[in-house]
Amino acid sequence: MAEKKLMKGNEAFATAAINAGCRFYFGYPITPQNEVPEFMSRELPKCGGAFIQAESELAAVNMAYGAASSGGKVLITSSSPGIALMQEGFSFFASTQTPVVAINVSRGGPGVGSIQPGQADYEQVTRGGGNGDYHTIVFAPASVQEAVDMIGKAFEVAEEYRNPVIICADGILGQMMEPVVIPPAIPPVPEEDLPKIRPWAITGHKNKREKNSHNSVWLQQEKLEDYINSYWPKYDKAERELADWESTDLDGAEVVFVAYGSTARVALEAAEILKKEGIKAGLIRLKTLWPFPKEAFKEIGPSTKHVVCTELSMGQMMKDVECALQGKLPVSLVNRVGGMLLDPIDAAERTKKILEVK
Amino acid sequence: MKPVFEYTKGMTEKEMHYCPGCTHGIAHRLVMEALDEKDDLGNALGVTPIGCSVVGHQYMNIDMMESAHGRAPAVASGIKRVHPNSPVFTYQGDGDLASIGTAEIIHAAARGEKICVFFINNAIYGMTGGQMAPTTLIGQKATTCVDGRTFAQAGSPIRMAEIIATLDGAVFVERVTLTTPGGVRKAKKAIQTAFEVQEKKLGFSFVEIISTCPTNWGVTPVNALKWAKENMEDYYEIKQFKCPEEVK
């Protein structure tokens with residue numbers, strides 16, 4: 001039975017990745033995720049893995065691209081402006097169908113922004129960010145435990161879909177300590193078994209098979225169109241099978257909050273405050289941001305008069321919520337931005353005002 | 001009958017897209033011959049750049065991947081962590097390596113990455129149609145300096161081999177040329193030594209290869225060789241800058 005430990009989010013993320021069989025990590029210092037590269041630099045060499053402190057996030061994502069393309073199980077982490085630099089790499093990972101797991105311990109933006117927690121990278125991570133027709137699969141944990149569990153799942157999904165998976169962990173999750181049970185360790189695939197386990201990887205043909213080439217350039221556009229059409233069904237499958245959410249107290253709710261990550265915990269507290277004042281409030285907590293869990297909104301019953309999006313951005317998630325609701329209910333935003341956090345009492349008060357105005 | 005010349009196993013039979021007189025074909029073949037002679041075609045892992053040689057993997061008979069523009073040394077560093085005993089190399093042009101990829105090449109060399117870098121310097125952007133490269137000579141014409149590069153407007157051409165040689169992590173650094181048969185033989189020797197340095201895990205190896213681009217220089221293949229010999233070899237000294245004792 002695995003032991004429950006009090007761990008800082010960033011160190012728990014790194015431990016979970018190693019236990020998931022990850023042996024390669026490439027990173028560049030940026031707050032608030034520095035504990036991850038620090039931890040990996042200490043721990044990976046002890047278990048036969050490798051760490052490089054890259055010269056930039058661009059270099060880090062491209063080191064990851066080389067390691068993953070040649071069969072390694074790779075984690076990269078960064079924070080908002082660093083993830084922006086990594087978008088070049090994500091587009092290449094998607095283009096060549098190469099698995100990788102990335103964690104965005106996000107902060108306030110735009111630009112350098114602040115080093116306090118933010119959720120203003122919603123569009124950056126869910127809309128690709130890099131060039132071309134692709135999606136990144138995005139998980140949104142709301143606790144350190146859930147992040148740790150999602151990291152294990154992210155490696156499985158990345159491998160199955162041969163696509164980048166991003167864990168959207170805001171600065172709160174990276175920096176806070178919570179009790180956590182780390183899942184048991186999976187042994188890494190030894191180098192000699194890589195050709196069997198990942199036959200698509202560039203591992204050297206050993207004069208036994210045709211050579212593997214990973215190409216991203218298509219000089220004949222007809223072939224690129226065929227190629228995109230050939231891999232697109234996996235995104236349709238992801239929309240059917242990976243969209244995930246958690247609903248709380250939707251039955252009879254007058255107002256339904258929508259939130260993800262740490263902010264979902266604030267929304268849940270705001271809902272409790274409203275209930276004490278006689279206003280029934282529910283919550284839809286998004287566990288995946290792409291695919292967006294559209295089905296969740298079919299669970300909203302006739303009692304609900306208003307949907308309130310609580311997020312640490314200027315309403316980036318709200319646009320997807322409006323799209324899912326298709327105009328059936330009014331949608332409002334209760335937010336803080338720039339690295340400021342939402343207070344449950346403030347969120348409850350602002351929600352009451354929204355309901356009164358209506 | 002004893003064969004005097006054979007198609008190397010290292011090259012596929014795919015018809016090359018390179019222009020007539022371009023020296024990419026020679027450089028590709030030298031790298032593949034060096035691997036073939038060490039019986040390493042089955043183990044080698046290569047990275048192509050963005051530029052004319054982006055699809056070099058179609059011609060080289062080994063496992064290869066393309067990288068984003070300039071990032072090949074970072075990609076190769078990642079590959080080498082997963083396959084520490086396989087020969088890993090990048091094949092890059094001057095726009096890729098000496099312009100957009102300067103951070104990646106400098107830091108791969110500084111870390112002493114146990115990889116080989118083959119740097120094709122033809123003093124111009126080929127694939128995009130003849131724009132000025134970081135290695136374009138003063139006075140040389142390009143589509144973004146139609147009256148010739150001037151120091152006042154664009155600064156001076158970068159001598160990459162000399163820069164790389166200042167870094168302790170780079171243990172083998174040589175500049176070679178493909179403008180004469182003798183130069184081609186010396187280029188092959190440098191490529192072989194670079195792989196030997198990697199095999200012995202001595203550090204980073206860098207071979208700069210002076211090459212031609214008749215199409216974008218606007219000259220015939222023969223005159224391209226002549227121009228490179230007279231002008232490029234004057235500015236870019238053909239020289240071995242560094243070589244470890246173990247492989248001398």
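The values are calculated or read from the model by the stated rules, or taken from the named source; none is laboratory data. Because the structure is predicted, anything quoted here is derived from the model rather than measured. Using ideal geometry, Cβ is built from the backbone for each residue, glycine included, and neighbour counts are taken over all protein chains shown. Surface areas here come from the heavy atoms of the whole protein model, side chains and all, with no ligands, DNA or RNA. Shrake-Rupley method; radii C 1.70, N 1.55, O 1.52, S 1.80 Å.
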When B:Val146 is run through (1) within 17 Å of the chain's Cα centre (by Cα); (2) open to solvent by 10 Å² or more (accessible area, probe 1.4 Å), the failure sits at (1)
Expected single match for crowded, with 24+ Cβ neighbours inside 10 Å and over 29 Å from B:Ala228 (Cα atoms) among B:Glu113, B:Glu66 is B:Glu113
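Residues are listed down the side, and each one gets a yes or a no for (1) open to solvent by 10 Å² or more (accessible area, probe 1.4 Å); (2) within 14 Å of chain B (Cβ to nearest Cβ):
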{"site": "A:Glu11", "(1), (2)": "yes, no"}
{"site": "A:Val36", "(1), (2)": "no, no"}
{"site": "A:Gly48", "(1), (2)": "yes, yes"}
{"site": "A:Gln97", "(1), (2)": "yes, yes"}
Subset of region A:251-265, residues over 19 Å from the mean Cα position of the chain (by Cα) and aliphatic (A, V, I, L, M), comes to A:Ala253, A:Val255, A:Val256
Those residues of region A:197-207 that are touching a Leu at 6+ places or on another chain (Cβ under 8 Å) and touching a residue at least 12 places away in the same chain (Cβ under 8 Å) come to a total of 3
Subset of region B:80-100, residues small (Gly, Ala, Ser) and in contact with a strand residue (DSSP E or B) (Cβ under 7 Å, 6 or more places away or on another chain), comes to B:Ser86, B:Gly93
The condition of being free of Cβ contacts under 8 Å to residues at least 60 places away in the same chain, within 14 Å of chain B (Cβ to nearest Cβ), over 30 Å from A:Glu146 (Cβ atoms) and open to solvent by 80 Å² or more (accessible area, probe 1.4 Å) holds, among A:Glu210, A:Glu222, only for A:Glu210
Residue pairs qualifying under the 8 Å Cβ cut-off, at least six apart or on distinct chains, with the first in region A:65-78 being at the interface with chain B (Cβ under 7 Å from one of its Cβ atoms) and the second being among the polar types (S, T, N, Q) and surrounded by fewer than 24 Cβ atoms within 10 Å (Cβ to Cβ), are A:Ser69/A:Thr96
Residues in region B:84-102 that are at the interface with chain A (Cβ under 7 Å from one of its Cβ atoms) and without any contact (Cβ under 8 Å) to a residue 40 or more places away in the chain total 0
Could you go through region A:327-350 and let me know if any residue there is of a type in the set (D, E, K, R), over 27 Å from the mean Cα position of the chain (by Cα), outside any loop (DSSP other than H, G, I, E, B) and modelled with pLDDT under 95. no
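Residues checked against (1) touching a strand residue (DSSP E or B) at 6+ places or on another chain (Cβ under 8 Å); (2) away from chain A (no Cβ under 14 Å); (3) of a type outside the set (Phe, Trp, Tyr); (4) open to solvent by 10 Å² or more (accessible area, probe 1.4 Å):
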| position | (1), (2), (3), (4) |
| --- | --- |
| B:Glu104 | no, no, yes, no |
| B:Phe118 | yes, yes, no, no |
| B:Thr135 | yes, yes, yes, no |
| B:Gly155 | no, yes, yes, yes |
| B:Ile163 | no, yes, yes, yes |
| B:Asp168 | no, yes, yes, yes |
| B:Val171 | yes, yes, yes, yes |
| B:Thr179 | yes, yes, yes, yes |
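Anything in region B:145-194 that is polar (S, T, N, Q) and touching a residue at least 12 places away in the same chain (Cβ under 8 Å)? List them, or say none.
B:Thr150, B:Ser156, B:Thr177, B:Thr179, B:Thr180, B:Gln192, B:Thr193
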Take the conditions surrounded by fewer than 24 Cβ atoms within 10 Å (Cβ to Cβ) and out of contact with any Phe, Trp or Tyr (no Cβ under 9 Å at 6 or more places or on another chain) and apply them to A:Gly109. Does it pass? yes
Notebook entry, point to check: Is there a residue being open to solvent by less than 10 Å² (accessible area, probe 1.4 Å), assigned to a helix (DSSP H, G or I) and away from chain B (no Cβ under 14 Å) anywhere in region A:16-32?
Noted result: yes
Residues in region A:135-155 that are surrounded by fewer than 21 Cβ atoms within 10 Å (Cβ to Cβ) and within 13 Å of A:Ala238 (Cα to Cα) total 1
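So if I check each of A:Pro233, A:Pro302, which one is under 25 Å from A:Ala158 (Cβ atoms), more than 18 Å from the chain's Cα centre (by Cα) and free of Cβ contacts under 8 Å to residues at least 12 places away in the same chain?
A:Pro233
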Those residues of region B:56-79 that are within 26 Å of A:Val189 (Cβ to Cβ) and more than 8 Å from chain A (Cβ to nearest Cβ) come to a total of 2
